[in-house]
Each structure stands twice: as C-alpha cells, then as structure tokens.
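Structure first, commentary second.
The values are calculated or read from the model by the stated rules, or taken from the named source; none is laboratory data. Since this is a predicted model, take the numbers as computed values, not measurements. Quick reminder, even Gly has a Cβ in these numbers, built from the backbone with ideal geometry, and neighbours come from all protein chains shown. Note: areas computed on protein heavy atoms with side chains; ligands, DNA, RNA excluded. Shrake-Rupley method; radii C 1.70, N 1.55, O 1.52, S 1.80 Å.
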Amino acid sequence: QVYLVESGGRLVEAGGSLRLSCVGSWHTFSSYAMAWFRQAPGNEREFVAGLSWNGGVTYYADSVKGRFTISRDNWKKLVTLEMNALKPADTALYFCNADPRLASIQEEGPDDYWGQGTQVTVSA
C-alpha cells in the first residue's frame, strides 16, 4: 500500500521555525523526486520546494528561498522541510508529494503520490 504521511504542522508566531516531516511507505521511495506543496484558503495549491532522488538537485519557490530547506533520508523514507523566519503568508496546508520524474517536480501530475497535508499557521 502506497501512502505519504506528513507531520509537524502547528501554530507558530511570525519569525519562528518549524520542521515538517513526511514518511513514505513503498519500496521504490528512493527513486522518486520529492516535493512540498502548500494551499492557503481560497488559493490554488502551489509548489514550495523539491529535490531529486538523492537530494543532489533542489528547487525552491522564490517566496521561500533562503528561508526553507528541503532534505531527504532514503533509508528512513523520510523527507523534511525546515522552515525559518516564518511569515503569516506561509500559513497553509502543506502537502508532501512524490513524483517519478524530476523534470515535473514543480507541477502536479497524474502519476504523483500525495499525503493528506499538515496545517501550518503563522500568527502575526
């Protein structure tokens, strides 16, 4: 059974930090590019950060560059998102994403796996 489970979201004050975690279940997890997306109320889901199967290539949305860091541990089938200097604009439901192709990691695709999301709320 394939699943992704996110954790770590909570209420935090502006300027604070959070670490989101995502654990995968399937045996070919390490071959997938992984990413985090987010969706704020009334907005479409947007790409936040992504990385290649071995973490050697990373991508970030302009809005989070320099503040967020994505990483992975394939032995643990784990992807983390370190978020620093959080802003109220970062408030959203954060989703973990697995994509079999790095080229499309910044987009939603029909072959992607998704978690259920973890809520991040940043107060002013």
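See the values below:
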{"read-out": "Calculated FRET value between V57 and T121, using beta carbons and R₀ = 30 Å, to 0.05", "value": "0.45"}
{"read-out": "Stokes-Einstein D for the stretch 56-123, Kirkwood Rh over Cα pairs, 10 °C, 1.306 mPa s (µm²/s)", "value": "118 µm²/s"}
{"read-out": "Total formal charge among the other residues, if their Cβ is under 12 angstrom from that of C22, Lys/Arg +1 and Asp/Glu -1", "value": "+2"}
{"read-out": "Residues of the stretch 13-36 with amide N under 18 Å of the 7 Å Cα→Cβ point at V2", "value": "22-36"}
{"read-out": "Sites Q39 and D73 - FRET efficiency at Förster radius 30 Å, r taken between beta-carbons, to 0.05", "value": "0.70"}
{"read-out": "Mean accessible surface per residue for the stretch 1-42, computed with a 1.4 Å probe while every protein chain stays in place, in Å²", "value": "51 Å²"}
{"read-out": "Longest DSSP-loop-exposure-free segment, GluC sites (Glu not before Pro), the chain, at most 16 other Cβ within 10 Å", "value": "45-106"}
{"read-out": "Those chymotrypsin sites (Phe, Trp or Tyr not before Pro) in the stretch 1-97 that DSSP places in a loop and that have at most 10 other beta carbons within 10 Å", "value": "W75"}
{"read-out": "Rounded if a/c under 1.5, otherwise prolate or oblate - the stretch 1-49, Cα gyration tensor axes", "value": "prolate"}
{"read-out": "Dimensionless Rg over Rh [the chain; C-alpha; Kirkwood]", "value": "0.94"}
{"read-out": "For the stretch 78-85, Karplus couplings with θ = phi - 60° (6.51, -1.76, 1.60), whole Hz, Gly/Pro x", "value": "10, 10, 10, 10, 8, 10, 10, 6"}
